[in-house]
Amino acid sequence: MYHPFEIPAPDELARFHQIASQPLPDIPGGYILRASTDRGGDVELVVDPLGRSIRLRFSVLLHLVFDLFREGATRLRLAETYGSLVIAIEFEAGEIAGTLYINVGGTINIKDSLLLH
């Protein structure tokens with residue numbers, strides 16, 4: 001079953017001070033979110049609402065450590081807890097569903113739970 005990709009509006013993103021956002025020039029409604037830590041960790045999240053996809057890049061001291069592309073995104077949520085930014089992206093494609101969590105605080109933590117249902 002098809003689910004649209006629900007993403008925060010640009011004005012909602014402005015509430016979160018740990019991230020910088022910029023629109024994607026060639027993807028209507030798409031944007032790039034960037035966040036950094038004091039320890040040299042950087043996260044870049046490309047959000048494509050029409051393609052229902054994301055691309056996550058995580059680097060440390062300018063060295064790419066993790067590069068993930070995933071389709072089937074249904075919802076993107078952001079929250080601040082105890083000085084950290086938590087980004088949660090929900091996915092559903094066929095019989096697979098799950099959530100990708102990105103926590104940006106003093107360090108960057110990425111947790112992926114992708115399950116058959």
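The values are calculated or read from the model by the stated rules, or taken from the named source; none is laboratory data. Keep in mind that what you see is a predicted model, and the values were worked out from it rather than measured. All Cβ positions, glycine included, derive from the backbone under ideal geometry; neighbour counts span all protein chains shown. Side chains are part of the model used for accessible areas, which takes the heavy atoms of the whole protein and leaves out ligands, DNA and RNA. Shrake-Rupley method; radii C 1.70, N 1.55, O 1.52, S 1.80 Å.
Tabulated data
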item: All positions within segment 100-117 that are in a strand (DSSP E or B) and buried (at least 16 other Cβ atoms within 10 Å of the Cβ); result: LEU100, ILE102, ASN103, VAL104, ILE108, ILE110
item: Failed item, numbered, when ASP67 is tested on (1) over 11 Å from the mean Cα position of the chain (by Cα); (2) at pLDDT 95 or above; (3) within 17 Å of HIS3 (Cα to Cα); result: (3)
item: Tally of residues being crowded, with 17+ Cβ neighbours inside 10 Å, of a type in the set (Val, Ile, Thr) and without any contact (Cβ under 8 Å) to a residue 40 or more places away in the chain across segment 9-31; result: 0
item: Tally, over segment 62-89, of residues that are of a type outside the set (A, V, I, L, M), open to solvent by 50 Å² or more (accessible area, probe 1.4 Å) and part of a strand (DSSP E or B); result: 9
item: Residue match in segment 48-55 (condition: in contact with a Leu (Cβ under 6 Å, 6 or more places away or on another chain) and either exposed (fewer than 14 other Cβ atoms within 10 Å of the Cβ) or within 15 Å of LEU13 (Cα to Cα) (or both)); result: no
item: Inter-residue pairs, beta-carbon under 6 Å, first more than 21 Å from GLY41 (Cβ to Cβ) and touching a residue at least 12 places away in the same chain (Cβ under 8 Å) and in segment 93-117, second of a type in the set (D, E, K, R) and open to solvent by 70 Å² or more (accessible area, probe 1.4 Å), 6+ apart; result: LEU116/GLU95
item: Candidate set from segment 69-92 (those that are touching a residue at least 24 places away in the same chain (Cβ under 8 Å) and of a type in the set (A, V, I, L, M)); member that is farthest from ASN103 (Cα to Cα); result: ALA73
